[in-house]
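Read the structure below first, then the notes.
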Amino acid sequence: MDRILVRGGPRLVGEVAVSGSKNATLALIAAAALAEGETILHNVPRLRDVDAMLELLRALGARADWHEEEGHAVRIDASSINRFEAPYELVRKMRASFLVLGPLLTRFGTARVSEPGGCAIGVRPVDQHLKGLTAMGGKVRLDHGYVEVTSSGLRGARIAFDLVTVNGTQNLMMAAALARGETILENAACEPEVVELAEALNAMGGSVRGAGGDRIVIRGVGSLRGIRHVVSGDRIEAGTLLAAAMVTLGDVRVTGIDTSMLESTLDKFREAGADVDIEATSVRVRADERPNAAGVVTAPFPGFPTDMQAQIMAVLSVATGSSLITEGVFENRFMHVPELQRMGANIVLSGRTARIEGVPRLMGAPVMATDLRASAGLIVAALAAEGESVVNRVYHIDRGYERIEEKLRGLGAEIRREG
């Protein structure tokens, strides 16, 4: 099994381009199942999760492959879909697979999808998805670990989410795109990936208004067509690379990103003492001294992203003073704390809050990644540690970061992968 070895110490300096957004890509691949004709997505990251989503569409009968002539692009033609069951062995690999439920149901009238898997970072129930589909006329049946929904034709409805859910918002947006009449989603997720999905649906011929706010209105249309779409840069990868710059007292410019997506992350970097220089599609972070202590509360967008919590914790582990991080999204997203403690971090947990007393330097150690973002946080910590760290179970990081060790090595990190 692969592992990543990091020798801490070098200051990261230079410029690096981010890959396309993993989370946006997965929703866009699911949306391609709504369209008549071919959809081509560009700037697609080469990731395990993307491969898994393409494999799932192929299992449904679609043509879904990498467009080798254009590198980071995929071609999807859903006209040949003739199976409507997303099996456990595919869906268990990642939670976003559940996003095929809405497209299959609204286009074909039936969908049978295994209850989803993914990182064990907390309870992420699908009840909000099913509540919405039921309101739109879907008939839901739970059968031996599968969700089966049928409909003779979805109809628009007003749906108020009980909690903010990104995948729930996206699933119901796609279901509503071909439903009869108007659907209104209240308390909808505001994440950039929701906005990008809405833009893609509109380009396909759909009618989605209000994405980016907490009230989204979708007017169903008779059909959608395939499109070409360039996936946005990955805001979490950008934040991770900038955290690596800060923890090593480095000077790094990240390019290929809509910097308006990063405001809450960059605000915390400033609070921790970094110099931040923002342009429209790039951001530079420079740190000359140990970080300052900071307070962080994760929240749905536009709040500080839960997907950056492990990385900012690694930075604050070597800060001057005492920091507090409160995890406001998932109840089990501190599994990286024992691994950081193995490296000498002084962290005390109390419920959903972590108190971090900064230490001058972390120490290299063998650690184990427990989930996707935890693995990124451990690599960030290892870059600032004295000696060598070995990050095990890095298949997690390959789910969400493309060639992370190559990008960091290009900035001066001593990092390599071993099989």
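Readers should treat all values here as calculations from the given coordinates under stated rules, not as data from a laboratory. These figures come from a predicted structure and were not determined experimentally. Counting neighbours? That spans all protein chains shown, and the Cβs are built from the backbone with ideal geometry, glycine included.
In terms of other Cβ atoms within 10 Å, 49, 234 run from fewest to most in the order 49, 234. Cα axis of helix 22-31 to longest principal axis of the chain: angle in degrees, 0 to 90, nearest 10? Orientation of helix 22-31: about 10 degrees from the principal axis. Look at 282, 375 and count the other Cβ atoms within 10 Å of each Cβ; fewest to most, that gives 282, 375.
Using only alpha carbon positions, build the gyration tensor of the range 23-173, then give the equivalent ellipsoid semi-axes as the square roots of 5 times its eigenvalues, largest first, whole angstrom.
Details: eigenvalues 118, 60, 41 Å².
Working through the eigenvalues yields semi-axes of 24, 17, 14 Å.
Note: relative contact order over the chain, using C-alpha pairs below 8 Å and six or more positions apart, is 21 percent. Using Cα-only point scatterers and the Debye equation, what is log10 of I(q)/I(0) for the chain at each q in 0.08 Å⁻¹, rounded to two decimals? Those come out to -0.43, one per q.
Sort largest first and round to whole Å: the equivalent ellipsoid semi-axes of the range 14-108, each the square root of five times a Cα gyration tensor eigenvalue.
Details: eigenvalues 104, 45, 24 Å².
For the range 14-108, the ellipsoid semi-axes come out as 23, 15, 11 Å.
Label-to-label distance, residue 1 versus residue 267, with points set 7 angstrom from Cα along the beta-carbon direction: 3.9 nm. Based on DSSP H segments of at least four residues, each scored -39500 (n - 2.57), the chain has a per-residue ellipticity at 222 nm of -8500 deg cm²/dmol.
Of the Cα atoms belonging to the range 269-419, the radius of gyration and Dmax stand at 14.8, 39 Å.
Cross-link partners among lysines for residue 22, C-alpha distance below 17 Å, same-chain residues fewer than 8 apart left out? Straight-distance partners of residue 22: 93, 407. Each label was represented as a point 7 Å from its Cα along the Cα-to-Cβ direction; for residue 63 and residue 350 these points are 6.1 nm apart.
Which order do 395, 146 fall in if you start with the one that has the fewest other Cβ atoms within 10 Å?
395, 146
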